[in-house]
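Computed from the coordinates by the stated procedures, all read-outs in this text should not be read as laboratory data. Note that the coordinates shown come from a computational prediction; the quantities given were computed from them, not determined experimentally. Every residue, glycine as well, gets a Cβ built from its backbone with ideal geometry; the counts of neighbours run over all protein chains shown.
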Amino acid sequence: MPTASTVSAQDINSEIGYGSTASVNLNETRVRNLACDSSGEINFAQCRWGINFPGGLHQYGIRTKQYDTTSSLDLFNESSIAHDGVSTTSASVSLYLNSGGTMVVYTPSGVTNTWLTSGSAGDYYAQMSKTSGNDPGGNAINTDLVLSTTRYWEWTVSAGPGYAYVTKSFSGNLIIKDSGTLITRPFTISVIAEVA
């Protein structure tokens, strides 16, 4: 991923699903969503954090680039098995911010991108803030956590005999900071286990 000083029109086009030679209007909704800035003047460097912490839908180990009006990061996984009276199934989703500079989204297999392109991981903080839903396992929520240590959040559900349908959901924001807030990425998860 590019450093803030080297973000190009081609980088932005790639993230919003345009051809590499298409013209970019920085006032366009998709670009504003990428920059997490809904008003005022923006520049290419602001888009770096949207490129490094991409929005869109992740399900079944695939990232679909689809920037909506909130540029949310949406994670979904479901596991379903036939009812036989004894079997169980489980499903999980998780997000890791590795101290080595990568972000990995597991839904359930991993999609990786590089978030650290300049400075050191200890220069940055992450916070998973909760609006509603089920708290994750892993690191604390609503707390600034320095990224010199790998941070992760995980939601897991299991269903089996007597538990035909179990689901967890979460909504909030993934906030990345240094001395100030760099990006606020709306975040939703849905994880379902079903014995049908």
For the chain, built as a Gaussian network whose Cα springs stay under 10 Å, the top-fluctuating residue of SER20, SER94, SER129
SER20
Considering the convex hull of the alpha carbon atoms of the chain, report its projected area averaged over all viewing directions, in nm², one decimal.
11.6
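Once you charge only the Cβ atoms, +1 for Lys and Arg and -1 for Asp and Glu, what is the size of the charge dipole of region 55-195 about its Cα centre, to the nearest 20 debye? Please report the intermediate quantities before stating the final value.
Values: 7 positive and 10 negative charges, 44 e Å.
Result for region 55-195 is approximately 220 debye, rounded to the nearest 20.
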Given the candidates ILE16, THR150, TYR124, the one whose Cα lies deepest towards the positive end of the charge dipole of the chain, counting +1 at each Lys or Arg C-beta and -1 at each Asp or Glu C-beta, is TYR124
Indicate the gyration tensor shape class of region 94-181 (rounded, prolate or oblate), computed on the Cα atoms with a ≥ b ≥ c the square roots of the eigenvalues: a/c under 1.5 is rounded; otherwise a/b larger than b/c is prolate and the rest oblate.
prolate
Gyration tensor verdict on region 1-83 (Cα atoms; rounded if a/c is under 1.5, prolate if a/b is larger than b/c, oblate otherwise)
prolate
Just flag the chymotrypsin sites (Phe, Trp or Tyr not before Pro) in region 1-82 sitting in loop per DSSP whose Cβ has no more than 12 other Cβ atoms within 10 Å.
TYR60
Provide LYS177, LYS65 in ascending order of the number of other Cβ atoms located within 10 Å of each residue's Cβ, fewest first.
LYS65, LYS177
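Determine the gain in length on full extension of the stretch TYR60-SER148; use 0.36 nm per residue of separation and subtract their C-alpha separation, reporting nm with one decimal. Don't skip to the answer; put the middle values down first.
Numbers: separation 88, 0.36 × 88 = 31.68 nm, distance 2.89 nm.
Gain in length upon complete extension: 28.8 nm.
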Proximal aspartates and glutamates to LYS168, defined as alpha-carbon separation beneath 16 angstrom and excluding residues fewer than eight positions away on the same chain:
ASP74, GLU78, ASP135, GLU154, GLU194
Within straight-line cross-link reach of LYS177, aspartates and glutamates at Cα separation under 20 Å, skipping those fewer than 8 residues along the same chain
ASP37, ASP123, ASP144
VAL146, VAL86 arranged by Cβ crowding within 10 Å, fewest neighbours leading
VAL86, VAL146
DSSP loop (so not H, G, I, E, B), at most 12 other Cβ within 10 Å: list which GluC sites (Glu not before Pro) in region 9-107 pass both filters.
GLU41
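Please report the antiparallel percentage of DSSP beta bridges with both residues in the chain, rounded to the nearest 5.
On the way: 47 of 60 bridges.
Just about 80 percent of them are antiparallel.
Among ILE16, ILE189, ILE81, what is the fewest-to-most ranking by other Cβ atoms within 10 Å? It would help to have the intermediate numbers written out before the result.
Details: ILE16 23, ILE189 26, ILE81 14.
Least crowded to most crowded, the residues run ILE81, ILE16, ILE189.
Count neighbours as other Cβ atoms within 10 Å of each site's Cβ, and list the chymotrypsin sites (Phe, Trp or Tyr not before Pro) in region 118-196 that are DSSP loop with at most 14 such neighbours. List each step's numbers first, then the result.
On the way: sites: TYR124, TYR125, TYR152, TRP153, TRP155, TYR163, TYR165, PHE170, PHE187; in loops: TYR124.
Answer in residue order: no site qualifies.
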